[in-house]
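Visitor: Can you read through this structure? Questions will come right after.
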Amino acid sequence: MTASPYPAPGIEAVLESSPDALLVVTEDGTILRVNAATERMFGYTRDELLGRDHRMLLAEGFRSGLQRIFFALRKDADASPAAPHTDTTPSFHPVEAYGLRRDGTEFQGEVACSLLAQDSEDAPVSMAVAVRDTSHRQAADAGLREAMSLLSATLESTADGILVVGGDGRIAGVNNQFISMWGIPRELLATQDDEAVLGFVLDQLVDPGQFVEKVTALYAAPSAESHDVLDFRDGRTFERYSRPQKVADKVVGRVWSFRDVTPARIAQDRITQAMADLAEQAAQLKDLAFKDPLTGLSNRQLFNDHLAAALRGPYGTAVDVLLLDLDDFKEVNDILGHHAGDQMLIEVGRRLRECVRPNDVVARLGGDEFVVLLVGSLDAEAVAKRIVEALRVPLWIDGTMLRPSLSLGLASINEDAVDASELLRRADVAMYAAKTAGKNRYLRFRPEMMKSLVERTALEAGLRVAVDAGQIAVHYQPIVSSRLGVVVKVEALARWERDGETVPPQQFIPAAERSGLIVEIGTEVLLKGCTELKPWLAEDSSRSLAVNVSGVQLQHGDFAELVLAVTESCGVDPRQLVLEVTESVFFDDDCHVIQQLTGLRKAGVRVALDDFGTGYSSLGRLQDLPVDTLKIDQSFTSMIHTGNENLPILSCMVSMAHGLGLTVTAEGVETAAQAEYLMNLDCDSLQGFLFSGPEAEPALAAAIARSAGAFAALRGDRVAGRR
Ligand code: C2E
Ligand code: MG
Ligand code: MG
């Protein structure tokens, strides 16, 4: 190499006089050096530039450009570490950019960068940047620039995220929406490390494999377009469109656009769910319209439809209706509670279904009333019999054993064509007849049964008239004290003489309870009892009058007041009054009955529990009830025949009652053996035909004397027996 004849200017002078702006920028973007052209070009003094961030010199939209170049250069340098300190430092071909002058004006320029050779390994890495003002080309580029800015404005204003990948497979550009949709950190993008960007993208997807597969397939078919959906792990959903990017029919890259369709998908999901819910509700409503919700059996509506269809069926087909009603179901409900009642109804429904063919209709009409429809059955009575037997099988509910029993009425179509309502009415009449005949049975409808229905209606009408006319009389039955051997109490019992015949209370009391007339009858019995027995009661304050009270009366809130008003108006001491109630009155939902009886007891009135041991009585519950006396039902007394039998249930009842401080009266004492047995058990009083039946007031004195006589005879026997 020959030496130059001219003295070479210093490199510093060359740099300073360079027409291009020259800068040295560190990796973090800080300006380390500038030359005079930089000051001229950007309008800043050197001092204003040194140590500042170079991005102040770049127009918006170009500010991250240098850093990207920096990263790319470094990557290249790292890839060829063979000559890290040589002069051949990596450089980047010039790029177009817009500079920003101090006065805020922008100018078009060309930027070329190269990494500066490092003096030592730990010297900071920096980059030389040359900027050339290319405003002179502006006129020619103006159109292009406008088109570009329009394009970039459009890209930025769209809601879609857009990614352009060049023909070399590298990211050529993205819009801001793309970056924010995918949440890609700008620094990551600036590295131009496409692998890292792809990894970041894949990490967010439910099925990254599908994503990669699609991309691979599209690169194999560069001019193909595609549209698919991406599901994100965070629940978002994007639609992905991909089209080739073409320049004059040549594919130069690929444009990917992504649209966040999560809100639309959520709305769609909601609509789908709402439609499914609606369909389910419709099915439930349909079920509700035709099914009994408790037992799952058909309801009345569905039964009626089937019955009507059966009656329209071919002539000669047998159609039988079996209407049934549980006996004393109210007691199960009252005593054991509604839950137990429901369990029993469900079990009855199940048993009914087992007694018939799968296609026969079994419906619950409401309460404890069920109906079975048999079409084309050869022997409806056999089915009725089977039902009655199947229901008698005991069942356990909440630890209590119950034996459901039912009354069933059977009606069938025969020669005289009947319509649905007539058939049901006949079944109802037969069912009522089965109840009257003693329950727990089935009866087939016979025309004579209509007569008893008519009689039942007539009975209620007649009772109404009798009550209004004051024709309800009262008879009194003596009750003897076992200790004193004399009558200390009498029980008032209602009597109805109808056309010279006595109607038994067992018939007219239920009718009175059904019609509500029992309230008037009960008041009448109390009033008559107090009036007629006042003289007898006045003779001895230890005597008392017992009056039966129905649950219907206790339902009336003013019952206690009424009782006390009657005793007061008659001048009878409330302490001489005993009210006999059955256990079932205590099991109505409100505690209203207990309150009324507790109030009356405070006023001195005593309460006896009548017919104890029948129905669903429970010794265990006795201690919670406001009662003073237990009346053992005559069905227990009648178990004593010879007097030598061992009846632990009786001794248990008496000792339990005594243990709770109650006195015990035995009902239905008809024989000396029964009286002896009961006295040996320490029963406090005895009532029954052995002493006297119920008598009208004029005959009561004789009945009382007769009772004492009978007792004395008994005692005589006992004494004689002992001797
Ligand atoms: P109850 O309160 O248990 O009355 C006792 C019933 O047993 C009476 O029947 C009485 O005549 C009958 N009896 C008494 N001693 C004997 C006996 O040694 N052997 C037999 N086999 N029976 C005997 P009655 O008068 O027919 O009354 C039947 C039921 O009607 C009464 O049973 C009571 O529950 C109800 N009743 C009667 N009068 C009234 C009333 O004024 N109001 C209410 N709510 N119910 C009444
Ligand atoms: Mg009684
Ligand atoms: Mg009784």
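FYI, it's all coordinate maths here, none of it is from the lab. The structure displayed is predicted, hence computed values, not measured ones. When we count neighbours, we look across all protein chains shown, and the Cβ atoms used for this are built from the backbone with ideal geometry, even at glycine.
Visitor: Give me the tail of P(r) for segment 291-447 as a percent: Cα-Cα pairs with distance above 24 Å.
Guide: Working: 3546 of 12246 pairs.
Every Cα pair in segment 291-447 considered, those over 24 Å come to 29 percent.
Visitor: Taking the chain as the reference, fit the longest principal axis to its C-alpha atoms, fit the long axis of helix 338-355 to the helix C-alpha atoms, and give the angle between the two in degrees, 0 to 90, nearest 10.
Guide: Tilt of helix 338-355: around 90 degrees.
Visitor: Once the other residues with Cβ under 10 Å from the Cβ of Gln210 are scored (Lys, Arg +1; Asp, Glu -1), what is the net sum?
Guide: In short, -3.
Visitor: Check the straight Cα-Cα distances from Lys246 and name the lysines below 26 Å, setting aside those fewer than 8 residues away within the same chain.
Guide: Correct list for Lys246: Lys214.
Visitor: Can I ask one more? Just subtract the alpha-carbon distance of Arg715 and Glu422 from 0.36 nm times their residue separation and send over the number in nm, one decimal.
Guide: Gain in length upon complete extension: 99.2 nm.
Visitor: For a quick size check, give me the Cα extents of segment 158-264 along its three principal axes, largest first, whole Å.
Guide: Each principal axis gives a Cα extent; for segment 158-264 these are 40, 29, 28 Å.
Visitor: Please identify the GluC sites (Glu not before Pro) of segment 610-716 that satisfy two criteria: DSSP loop assignment and at most 15 other Cβ atoms within 10 Å. Which are they? Walk me through the numbers on the way to the answer.
Guide: Values: sites: Glu645, Glu667, Glu670, Glu676, Glu695; in loops: Glu645, Glu667, Glu670.
Within segment 610-716, the qualifying GluC sites (Glu not before Pro) (loop, at most 15 other Cβ atoms within 10 Å) are Glu645, Glu670.
Visitor: Could you work out how far apart the two model spin labels at Lys214 and Leu311 are, taking each label as a point 7 Å from the Cα in the direction of the beta carbon, and quote it in nm?
Guide: 6.6
Visitor: Rounded to the nearest 500, what is the 222 nm mean residue ellipticity of the chain from helices alone, with -39500 (n - 2.57) per DSSP H run of 4+ residues and division by all residues?
Guide: Counting only the DSSP helices, I get -13500 deg cm²/dmol.
Visitor: Same structure again: For all pairs of alpha-carbon atoms in the chain, what percent lies in each bin of width 10 Å, listed from the first bin to the last filled one?
Guide: Whole-percent P(r) values from 0 Å outward: 2, 10, 13, 12, 9, 6, 4, 4, 6, 7, 8, 7, 5, 3, 1, 0, 0, 0.
Visitor: Residues with amide H under 5 Å of Asn440's amide H, sequence separation 5 or more or different chain, H placed in the peptide plane at 1.01 Å from N; which?
Guide: For Asn440, the qualifying residues are Leu406, Ser407.
Visitor: Would you mind checking which residues have amide H under 5 Å from Asn35's amide H? H placed 1.01 Å from N; only 5 or more apart, or other chain.
Guide: Correct list: Leu22.
Visitor: When the chain is fully extended, how far beyond the present Cα-Cα distance does Thr105 get from Lys534, taking 0.36 nm per residue of separation?
Guide: Working: separation 429, 0.36 × 429 = 154.44 nm, distance 12.37 nm.
Additional length available on full extension: 142.1 nm.
Visitor: Can you put Cys570, Cys683, Cys355, Cys652 in order of Cβ neighbours within 10 angstrom, beginning with the fewest?
Guide: In order of increasing Cβ crowding within 10 Å: Cys652, Cys570, Cys355, Cys683.
Visitor: Here is a follow-up. Please determine, in degrees from 0 to 90 and to the nearest 10, the orientation of helix 559-570 with respect to the longest principal axis defined by the Cα atoms of the chain, where the helix direction is its Cα long axis.
Guide: Taking the Cα atoms of the chain, the angle to 559-570 is about 30 degrees.
Visitor: Let me know the shape class of segment 393-486, please: from the alpha-carbon gyration tensor, a ≥ b ≥ c as square roots of the eigenvalues, rounded when a/c is under 1.5, otherwise prolate if a/b is greater than b/c, or oblate.
Guide: oblate
Visitor: For segment 346-433, which semi-axes, largest first and in whole Å, follow from the square roots of 5 times the eigenvalues of its Cα gyration tensor?
Guide: Semi-axes, largest first: 25, 14, 11 Å.
Visitor: What aspartates and glutamates sit close enough to Lys291 to cross-link, taking a C-alpha to C-alpha distance under 14 Å and skipping anything fewer than 8 places away on the same chain?
Guide: Output for Lys291: Asp305.
Visitor: Follow-up question, since we're still on this one. Ranked by Cβ crowding within 10 angstrom, fewest neighbours first, how are His475, His592 ordered?
Guide: So the residues, fewest neighbours to most, are His592, His475.
Visitor: Another question about this same structure. Mind giving me the FRET efficiency for Ser452 and Ile266? R0 is 51 Å, r the Cβ-Cβ distance, nearest 0.05 is fine.
Guide: Numbers: r = 69 Å, r/R0 = 1.36.
The formula returns an efficiency of 0.15 here.
Visitor: Here's another thing I want to ask about it. Where Rh is the Kirkwood radius over the Cα pairs of segment 9-141, the temperature 37 °C and the viscosity 0.692 mPa s, what D in µm²/s does Stokes-Einstein return?
Guide: D = 214 µm²/s.
Visitor: Among the trypsin sites (Lys or Arg not before Pro) within segment 450-522, which fall in a DSSP loop and have no more than 13 other Cβ atoms within 10 Å of their own Cβ?
Guide: Arg483
Visitor: Right, another one. Along the Cα-to-Cβ line of Glu60, 7 Å from the Cα, sits a label point; which residues in segment 173-187 have backbone N less than 14 Å from it?
Guide: Residues passing the 14 Å test: 176.
Visitor: A further question follows. Quick one: helix 262-290 against the long Cα principal axis of the chain, what's the angle to the nearest 10°, folded into 0 to 90?
Guide: 20
Visitor: Hey, with R₀ at 22 Å, roughly what FRET efficiency would Leu151 and Arg68 work out to, going by the Cβ-Cβ distance, to 0.05?
Guide: So, using R0 = 22 Å, E works out to roughly 0.65.
Visitor: Let me know the shape class of segment 522-646, please: from the alpha-carbon gyration tensor, a ≥ b ≥ c as square roots of the eigenvalues, rounded when a/c is under 1.5, otherwise prolate if a/b is greater than b/c, or oblate.
Guide: Judged from the Cα gyration tensor, segment 522-646 comes out oblate (a/c at least 1.5, b/c at or above a/b).
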